[in-house]
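Down below is the structure, laid out as structure tokens.
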Amino acid sequence: MGKLKEPFVVQGVREYLKRVERHLPLEWVQLPETKGLNASSSRDDSTRRILKALGERDFVVLLDERGAMMDSPAFSRWFYSRLEDVSGKIVFVVGGAYGVGQDLRRRADALLSLSPMTLTHELALLFVAEQLYRAVMIRLGTSYHH
């Protein structure tokens, strides 16, 4: 959700996703946030628009500080087991600056925490892009992870 403002984040996300695309099909979708809304209205609007963009068969992974935490090797195993089991797409959702509503939490098939610390939505996207690339490299047995 929302436009990425920090150039270093945009560059990093593009670089990691380009690396992942060499091994897995990938699509990055940014939904613009509606301007001029208060926090509650912005969260509700973001939730509604994210839900509308999801496919019925998508496996939705909501990045949320209340989600499961795992190290990189465990994430790689978890991610690849989902790839084998899921009939639709795996969709990682990074909410907007004000978070997401309960309807999206209920729709999510998994909640994943990237850190017990609060991250901006921009840094969360960069973090998950790098971890997806790391998951691929772990699966391939490369030295990137070490």
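Rounded to the nearest whole Hz, the Karplus-based 3J(HN,Hα) values (6.51 cos²θ - 1.76 cosθ + 1.60, θ = phi - 60°) of segment 13-23 follow the sequence 4, 4, 5, 5, 5, 4, 5, 5, 4, 5, 10, with x at glycine and proline.
Remark on THR34: its backbone amide H falls under 5 Å from none of the residues 5 or more positions apart or on other chains, H modelled at 1.01 Å from N. Can you list the GluC sites (Glu not before Pro) in segment 1-109 that are in a DSSP coil and have 12 or fewer other beta carbons within 10 angstrom? Those satisfying the criteria are GLU27, GLU56.
Under a 5 Å amide H cut-off, with hydrogens placed 1.01 Å from N, PHE92 pairs with VAL61 among residues at least 5 apart or on other chains. DSSP assigns beta bridges within the chain; of those with both partners inside it, close to 10 percent run antiparallel.
Placing pseudo-labels 7 Å out from each Cα toward the beta carbon at LYS35 and ARG22 gives an inter-label distance of 3.9 nm.
Arrange ASP45, ASP71 by Cβ neighbour counts within 10 Å, fewest through most, would you? Could you put the intermediate results ahead of the total?
On the way: ASP45 18, ASP71 7.
Final ranking by Cβ density, sparse to dense: ASP71, ASP45.
By the beta-carbon count within 10 Å of each Cβ, the least crowded to most crowded order of THR118, THR142, THR47, THR34, fewest first, is THR118, THR142, THR34, THR47. Evaluated with a Cβ-only charge set (Lys, Arg +1; Asp, Glu -1), the chain carries a dipole of roughly 180 debye about its Cα centre, given to the nearest 20. As a calculated quantity, the FRET efficiency between ALA74 and GLN102 at R0 = 22 Å, using C-beta atoms, amounts to about 0.20. Rounded to the nearest Hz, the phi-derived 3J(HN,Hα) couplings of segment 88-96 under the Karplus curve 6.51 cos²θ - 1.76 cosθ + 1.60 (θ = phi - 60°) are x, 8, 8, 10, 8, 10, 10, x, x, where x marks glycine and proline.
The longest stretch of the chain left intact once loop-based chymotrypsin sites (Phe, Trp or Tyr not before Pro) with at most 13 other Cβ atoms within 10 Å are removed from consideration, loops following DSSP, is 29-143.
An oblate overall shape is assigned to segment 62-107, the ratio a/c of its alpha-carbon gyration tensor axes (a ≥ b ≥ c) being 1.5 or greater and a/b not exceeding b/c.
Every read-out reported here was derived from the displayed coordinates using simple, explicitly stated rules and does not represent laboratory data. Worth saying up front: this structure is predicted, and the values here are computed from it rather than measured. Don't worry about glycine lacking a Cβ; one is built from the backbone with ideal geometry, like all the others, and counts go over all protein chains shown.
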